[in-house]
Amino acid sequence: MPITVATWNVNSIKARMHAVTGWLKDNQPDVACLQELKTTEDGFPFMELESLGYNIRIHGQKSYNGVALLSKQPFESVTRGLPGDDKDDQARYMEAIIMGRNSPFRVASIYLPNGNPVPGPKYDYKLAWMTRLKTHAENLLKDEEPFILAGDYNVIPRSGDVHDPKAWEGDALYRPETHAAFRALLGISLTEAFDQMDGRFGQYTFWDYKGGAWPQNRGLRIDHLLLSPQAADRIRRFTIHRDVREGVRPSDHVPVVGKFDL
DNA sequence: ATGGTCGCGTAGCGA
(Lines give C-alpha, C1' and ligand atoms only; values in the text may rest on other atoms or scores of the structure.)
Protein backbone atom coordinates (compact mmCIF):
# COMPACT_ATOMS: atom_id res chain seq x y z
CA MET A 1 0.00 0.00 0.00
CA PRO A 2 1.47 3.35 -1.03
CA ILE A 3 1.51 6.49 1.09
CA THR A 4 -0.25 9.64 -0.13
CA VAL A 5 1.03 13.07 0.84
CA ALA A 6 -1.08 16.14 0.09
CA THR A 7 -0.36 19.86 0.26
CA TRP A 8 -3.09 22.49 0.33
CA ASN A 9 -3.10 26.20 1.04
CA VAL A 10 -6.56 26.45 2.62
CA ASN A 11 -6.65 30.26 3.09
CA SER A 12 -8.02 30.19 6.66
CA ILE A 13 -8.73 26.82 8.27
CA LYS A 14 -11.79 28.17 10.09
CA ALA A 15 -13.36 29.58 6.93
CA ARG A 16 -12.53 26.39 5.01
CA MET A 17 -13.61 23.59 7.35
CA HIS A 18 -16.54 22.55 5.15
CA ALA A 19 -14.18 22.05 2.20
CA VAL A 20 -11.30 20.55 4.19
CA THR A 21 -13.36 17.93 6.04
CA GLY A 22 -15.17 16.97 2.85
CA TRP A 23 -11.97 16.58 0.89
CA LEU A 24 -10.20 14.60 3.63
CA LYS A 25 -13.15 12.22 3.94
CA ASP A 26 -13.28 11.66 0.19
CA ASN A 27 -9.53 11.33 -0.40
CA GLN A 28 -8.10 9.96 2.86
CA PRO A 29 -4.51 11.17 2.39
CA ASP A 30 -2.03 9.62 4.83
CA VAL A 31 -0.41 13.02 5.33
CA ALA A 32 -1.84 16.49 4.68
CA CYS A 33 0.34 19.60 4.79
CA LEU A 34 -1.83 22.70 5.19
CA GLN A 35 -0.88 26.36 4.83
CA GLU A 36 -2.39 29.76 5.63
CA LEU A 37 -4.29 28.62 8.69
CA LYS A 38 -4.66 32.25 9.83
CA THR A 39 -5.08 31.20 13.44
CA THR A 40 -3.18 30.26 16.59
CA GLU A 41 -3.56 26.91 18.37
CA ASP A 42 -6.48 28.39 20.36
CA GLY A 43 -8.69 28.73 17.31
CA PHE A 44 -7.63 25.59 15.46
CA PRO A 45 -10.41 22.98 15.09
CA PHE A 46 -8.40 20.03 16.45
CA MET A 47 -11.36 17.90 17.56
CA GLU A 48 -13.19 17.92 14.28
CA LEU A 49 -10.11 16.96 12.27
CA GLU A 50 -8.88 14.41 14.82
CA SER A 51 -12.25 12.70 14.54
CA LEU A 52 -11.37 12.00 10.88
CA GLY A 53 -8.45 9.87 12.08
CA TYR A 54 -5.58 12.36 12.04
CA ASN A 55 -2.79 13.18 14.41
CA ILE A 56 -2.26 16.93 14.19
CA ARG A 57 0.54 19.38 14.89
CA ILE A 58 0.39 23.04 13.96
CA HIS A 59 2.64 26.06 13.89
CA GLY A 60 0.08 28.82 14.21
CA GLN A 61 -0.01 32.60 14.06
CA LYS A 62 -2.75 35.14 14.66
CA SER A 63 -4.48 36.36 11.47
CA TYR A 64 -1.67 35.49 9.06
CA ASN A 65 0.38 32.52 7.85
CA GLY A 66 0.30 29.34 9.94
CA VAL A 67 1.05 25.78 8.79
CA ALA A 68 -0.15 22.34 9.89
CA LEU A 69 0.72 18.67 9.50
CA LEU A 70 -2.01 16.04 9.65
CA SER A 71 -0.98 12.39 9.71
CA LYS A 72 -2.80 9.09 10.11
CA GLN A 73 0.43 7.61 11.48
CA PRO A 74 1.94 9.05 14.67
CA PHE A 75 4.60 11.75 14.53
CA GLU A 76 8.08 10.65 15.51
CA SER A 77 9.39 14.17 15.97
CA VAL A 78 8.17 17.65 15.07
CA THR A 79 10.06 20.91 14.62
CA ARG A 80 8.63 24.37 14.03
CA GLY A 81 10.21 27.27 12.17
CA LEU A 82 12.81 27.38 9.41
CA PRO A 83 16.36 27.51 10.80
CA GLY A 84 18.67 30.38 9.93
CA ASP A 85 17.06 33.49 11.43
CA ASP A 86 16.15 33.69 15.10
CA LYS A 87 14.35 36.99 14.55
CA ASP A 88 11.91 35.51 12.00
CA ASP A 89 8.60 35.05 13.85
CA GLN A 90 6.39 34.28 10.84
CA ALA A 91 4.83 30.80 11.04
CA ARG A 92 5.73 29.44 7.62
CA TYR A 93 7.57 26.17 8.20
CA MET A 94 7.28 22.96 10.17
CA GLU A 95 8.50 19.43 9.63
CA ALA A 96 8.06 15.99 11.13
CA ILE A 97 9.19 12.41 10.81
CA ILE A 98 6.38 9.99 10.10
CA MET A 99 6.37 6.20 9.86
CA GLY A 100 5.64 4.95 6.35
CA ARG A 101 4.56 1.40 5.54
CA ASN A 102 8.19 0.29 5.41
CA SER A 103 10.42 3.06 6.72
CA PRO A 104 10.18 6.50 8.29
CA PHE A 105 10.22 9.59 6.09
CA ARG A 106 10.33 13.32 6.71
CA VAL A 107 7.68 15.80 5.58
CA ALA A 108 7.66 19.61 5.73
CA SER A 109 4.70 21.98 5.38
CA ILE A 110 5.93 25.16 3.70
CA TYR A 111 4.36 28.57 3.16
CA LEU A 112 7.03 30.47 1.28
CA PRO A 113 6.71 34.28 1.41
CA ASN A 114 4.84 35.93 -1.48
CA GLY A 115 7.44 38.69 -1.77
CA ASN A 116 5.42 41.45 -3.43
CA PRO A 117 5.87 44.33 -3.90
CA VAL A 118 9.22 44.32 -5.72
CA PRO A 119 11.58 45.82 -4.85
CA GLY A 120 11.26 46.08 -1.10
CA PRO A 121 11.74 44.39 2.26
CA LYS A 122 9.14 41.73 1.49
CA TYR A 123 11.03 40.61 -1.58
CA ASP A 124 14.32 40.63 0.31
CA TYR A 125 12.67 38.45 2.96
CA LYS A 126 11.43 36.03 0.30
CA LEU A 127 14.86 35.59 -1.28
CA ALA A 128 16.55 35.23 2.12
CA TRP A 129 13.90 32.66 3.11
CA MET A 130 14.63 30.65 -0.04
CA THR A 131 18.34 30.68 0.76
CA ARG A 132 17.59 29.46 4.28
CA LEU A 133 15.41 26.69 2.85
CA LYS A 134 18.25 25.62 0.57
CA THR A 135 20.71 25.53 3.46
CA HIS A 136 18.31 23.50 5.56
CA ALA A 137 17.58 21.07 2.72
CA GLU A 138 21.31 20.61 2.16
CA ASN A 139 21.57 19.47 5.77
CA LEU A 140 18.66 17.06 5.38
CA LEU A 141 20.18 15.60 2.21
CA LYS A 142 23.24 14.46 4.16
CA ASP A 143 21.12 11.69 5.71
CA GLU A 144 20.38 10.23 2.24
CA GLU A 145 16.83 9.44 3.33
CA PRO A 146 13.45 10.13 1.73
CA PHE A 147 11.89 13.53 2.44
CA ILE A 148 9.16 15.65 0.93
CA LEU A 149 9.08 19.45 1.13
CA ALA A 150 5.44 20.23 0.38
CA GLY A 151 3.72 23.56 0.19
CA ASP A 152 2.83 26.88 -1.33
CA TYR A 153 6.17 28.03 -2.74
CA ASN A 154 4.82 31.24 -4.30
CA VAL A 155 7.07 30.41 -7.26
CA ILE A 156 5.89 29.98 -10.86
CA PRO A 157 8.68 27.72 -12.15
CA ARG A 158 8.30 28.26 -15.91
CA SER A 159 6.35 30.20 -18.52
CA GLY A 160 4.11 27.16 -19.08
CA ASP A 161 3.02 27.35 -15.45
CA VAL A 162 1.17 30.66 -15.83
CA HIS A 163 -1.74 31.66 -18.07
CA ASP A 164 -0.09 34.86 -19.27
CA PRO A 165 3.68 35.01 -18.69
CA LYS A 166 3.97 38.59 -20.04
CA ALA A 167 1.55 39.86 -17.40
CA TRP A 168 3.66 38.33 -14.62
CA GLU A 169 7.02 39.73 -15.63
CA GLY A 170 8.43 41.62 -12.66
CA ASP A 171 6.15 39.91 -10.15
CA ALA A 172 7.82 38.38 -7.09
CA LEU A 173 6.47 34.95 -8.09
CA TYR A 174 8.11 35.09 -11.51
CA ARG A 175 11.19 37.31 -11.36
CA PRO A 176 14.62 36.11 -12.53
CA GLU A 177 15.97 36.24 -8.95
CA THR A 178 13.05 34.06 -7.81
CA HIS A 179 13.74 31.59 -10.61
CA ALA A 180 17.44 31.55 -9.73
CA ALA A 181 16.67 30.80 -6.07
CA PHE A 182 14.23 28.04 -7.03
CA ARG A 183 16.72 26.57 -9.51
CA ALA A 184 19.36 26.62 -6.78
CA LEU A 185 16.99 24.56 -4.63
CA LEU A 186 16.65 21.99 -7.40
CA GLY A 187 20.40 22.21 -8.01
CA ILE A 188 21.26 20.62 -4.67
CA SER A 189 19.49 17.51 -6.05
CA LEU A 190 15.88 18.06 -5.11
CA THR A 191 13.29 17.09 -7.73
CA GLU A 192 9.88 18.56 -8.38
CA ALA A 193 7.29 15.77 -8.22
CA PHE A 194 5.54 17.46 -11.15
CA ASP A 195 8.67 17.06 -13.31
CA GLN A 196 9.42 13.55 -12.15
CA MET A 197 5.91 12.53 -13.25
CA ASP A 198 6.18 14.39 -16.61
CA GLY A 199 3.63 17.08 -15.73
CA ARG A 200 2.28 19.04 -18.67
CA PHE A 201 2.19 22.80 -19.02
CA GLY A 202 -1.00 24.68 -18.26
CA GLN A 203 -1.83 22.76 -15.09
CA TYR A 204 -2.49 25.24 -12.33
CA THR A 205 -2.89 25.01 -8.55
CA PHE A 206 -4.05 28.59 -7.83
CA TRP A 207 -6.62 30.90 -9.36
CA ASP A 208 -7.03 34.40 -7.89
CA TYR A 209 -10.41 35.31 -6.45
CA LYS A 210 -10.18 38.58 -8.38
CA GLY A 211 -11.36 39.24 -11.88
CA GLY A 212 -12.97 35.92 -12.64
CA ALA A 213 -9.62 34.14 -12.86
CA TRP A 214 -11.16 30.70 -12.28
CA PRO A 215 -13.89 30.71 -14.96
CA GLN A 216 -11.31 32.00 -17.44
CA ASN A 217 -8.69 29.47 -16.23
CA ARG A 218 -6.20 32.25 -15.60
CA GLY A 219 -4.17 30.27 -13.06
CA LEU A 220 -0.69 29.69 -11.70
CA ARG A 221 1.20 26.55 -10.69
CA ILE A 222 2.77 27.56 -7.38
CA ASP A 223 2.08 24.63 -5.02
CA HIS A 224 4.84 22.07 -5.24
CA LEU A 225 6.27 18.86 -3.80
CA LEU A 226 10.07 18.93 -3.71
CA LEU A 227 11.61 15.51 -3.21
CA SER A 228 14.91 14.16 -1.98
CA PRO A 229 16.48 11.63 -4.39
CA GLN A 230 15.24 8.78 -2.19
CA ALA A 231 11.67 10.13 -2.34
CA ALA A 232 11.85 10.92 -6.07
CA ASP A 233 12.72 7.27 -6.71
CA ARG A 234 9.56 6.19 -4.93
CA ILE A 235 6.88 8.49 -6.33
CA ARG A 236 4.20 6.62 -8.23
CA ARG A 237 1.54 9.23 -8.93
CA PHE A 238 1.09 13.01 -8.90
CA THR A 239 -2.33 14.67 -9.00
CA ILE A 240 -3.63 18.23 -8.91
CA HIS A 241 -7.18 18.25 -7.52
CA ARG A 242 -8.41 20.95 -9.84
CA ASP A 243 -12.10 20.24 -9.27
CA VAL A 244 -11.85 21.46 -5.68
CA ARG A 245 -11.69 25.06 -6.99
CA GLU A 246 -15.28 24.61 -8.20
CA GLY A 247 -16.64 23.95 -4.71
CA VAL A 248 -18.63 26.10 -2.30
CA ARG A 249 -16.55 28.96 -0.82
CA PRO A 250 -13.32 27.40 -2.13
CA SER A 251 -9.76 28.29 -1.24
CA ASP A 252 -7.94 30.07 -4.06
CA HIS A 253 -5.53 27.07 -4.05
CA VAL A 254 -6.36 23.40 -4.70
CA PRO A 255 -4.82 20.27 -3.14
CA VAL A 256 -1.79 18.63 -4.77
CA VAL A 257 -1.17 14.96 -3.98
CA GLY A 258 1.79 12.64 -4.38
CA LYS A 259 1.59 8.86 -4.01
CA PHE A 260 4.76 7.11 -2.84
CA ASP A 261 6.05 3.61 -2.18
CA LEU A 262 7.36 4.44 1.27
C1' DA B 1 -25.98 51.82 -14.68
C1' DT B 2 -23.29 49.55 -11.33
C1' DG B 3 -19.94 46.85 -9.63
C1' DG B 4 -17.47 43.33 -10.56
C1' DT B 5 -12.21 38.94 -4.32
C1' DC B 6 -11.67 37.12 0.09
C1' DG B 7 -10.33 36.65 5.20
C1' DC B 8 -9.28 38.74 9.42
C1' DG B 9 -11.40 41.62 12.40
C1' DT B 10 -13.86 45.68 12.35
C1' DA B 11 -9.63 49.59 9.25
C1' DG B 12 -6.87 48.40 6.32
C1' DC B 13 -3.43 44.89 5.27
C1' DG B 14 -2.00 40.74 2.95
C1' DA B 15 -2.49 37.80 -0.83
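The values are calculated or read from the model by the stated rules, or taken from the named source; none is laboratory data. Nothing here was measured: the structure is a model prediction, and the numbers come from that model. All Cβ positions, even for glycine, are placed from backbone atoms using ideal geometry, and neighbour counts span all protein chains on display. SASA here: full protein model, heavy atoms, side chains in, ligands and nucleic acids out. Shrake-Rupley method; radii C 1.70, N 1.55, O 1.52, S 1.80 Å.
Can you work out the accessible area per residue across chain A, with the rest of the protein chains kept in place, probe 1.4 Å, in square angstrom?
Normalised by residue count, the accessible surface of chain A is 44 Å².
Among A:Met47, A:Met197, what's the order by accessible area (1.4 angstrom probe), most exposed first?
Order by accessible area, largest first: A:Met47, A:Met197.
Express the carbon and sulfur contribution to the solvent-accessible surface of region A:135-209 as a percent, rounded to the nearest whole number, probe 1.4 angstrom.
Whole-percent figure for carbon plus sulfur exposure: 46.
Keeping all protein chains in the complex and leaving out DNA, RNA and ligands, what accessible area do you get for A:Thr191 with a 1.4 Å probe, in Å² to the nearest 10?
Rounded to the nearest 10, that gives 40 Å².
In µm²/s, what is D for region A:71-186 at 25 °C and 0.890 mPa s, where D = kT/(6 pi eta Rh) by Stokes-Einstein and Rh is the Kirkwood radius from Cα pairs?
Once the numbers are plugged in, D ends up at 159 µm²/s.
What span do the alpha-carbon atoms of chain A cover on each of the three principal axes, reported in whole Å from largest to smallest?
Principal-axis extents of chain A (Cα, largest first): 45, 43, 39 Å.
Solvent-accessible area of A:Asp88, probe 1.4 Å, all protein chains present, reported in Å² to the nearest ten, please.
Surface accessible to solvent at A:Asp88 totals approximately 40 Å².
Filter the chymotrypsin sites (Phe, Trp or Tyr not before Pro) in region A:164-235 to those in DSSP coil with at most 15 other Cβ atoms within 10 Å of their Cβ, and list the result. Don't skip to the end; give the middle numbers.
Working: sites: A:Trp168, A:Tyr174, A:Phe182, A:Phe194, A:Phe201, A:Tyr204, A:Phe206, A:Trp207, A:Tyr209; in loops: A:Tyr174, A:Phe201, A:Tyr204, A:Tyr209.
Hits after loop and neighbour filter: A:Phe201, A:Tyr209.
If packing is taken as the average number of other Cβ atoms within 10 Å across a peptide's residues, how do A:15-28, A:56-69 rank, most packed first?
A:56-69, A:15-28
Just the Kirkwood number for region A:164-239, please: inverse of mean 1/r across all distinct Cα pairs, in Å, one decimal.
Details: mean 1/r = 0.0713 Å⁻¹.
Averaging 1/r across every pair of different Cα atoms and inverting gives 14.0 Å.
What does the accessible area of A:Val244 come to, in Å² to the nearest 10, when a probe of 1.4 Å is used?
40 Å²
Roughly how many percent of the accessible protein surface of region A:210-262 is carbon and sulfur, given a 1.4 Å probe and a whole-percent answer?
Of the solvent-accessible surface of region A:210-262, carbon and sulfur hold 44 percent.
For region A:3-260, with the dipole built from +1 on Lys and Arg beta-carbon atoms and -1 on Asp and Glu ones, taken about the Cα centre, which of A:Ser109, A:Ile156, A:Gln61 lies farthest toward the positive end?
About the Cα centre, the residue reaching furthest to the positive side is A:Ile156.
I want to verify a result. In a Gaussian network model of chain A, Cα cutoff 10 Å, which of these has the top mean-square fluctuation: A:Ser228, A:Ser103, A:Ser189?
A:Ser103
When the Karplus curve 6.51 cos²θ - 1.76 cosθ + 1.60 is applied with θ = phi - 60°, which whole-Hz ³J(HN,Hα) does each residue of region A:165-175 get, with x for Gly and Pro?
Computed from phi, the couplings for region A:165-175 are x, 3, 5, 9, 4, x, 6, 4, 7, 9, 6 Hz.
Can you give the Kirkwood hydrodynamic radius for region A:45-115, in Å, rounded to one decimal and based on Cα pairs? Don't skip to the end; give the middle numbers.
Values: mean 1/r = 0.0761 Å⁻¹.
Roughly 13.1 Å, rounded to one decimal.
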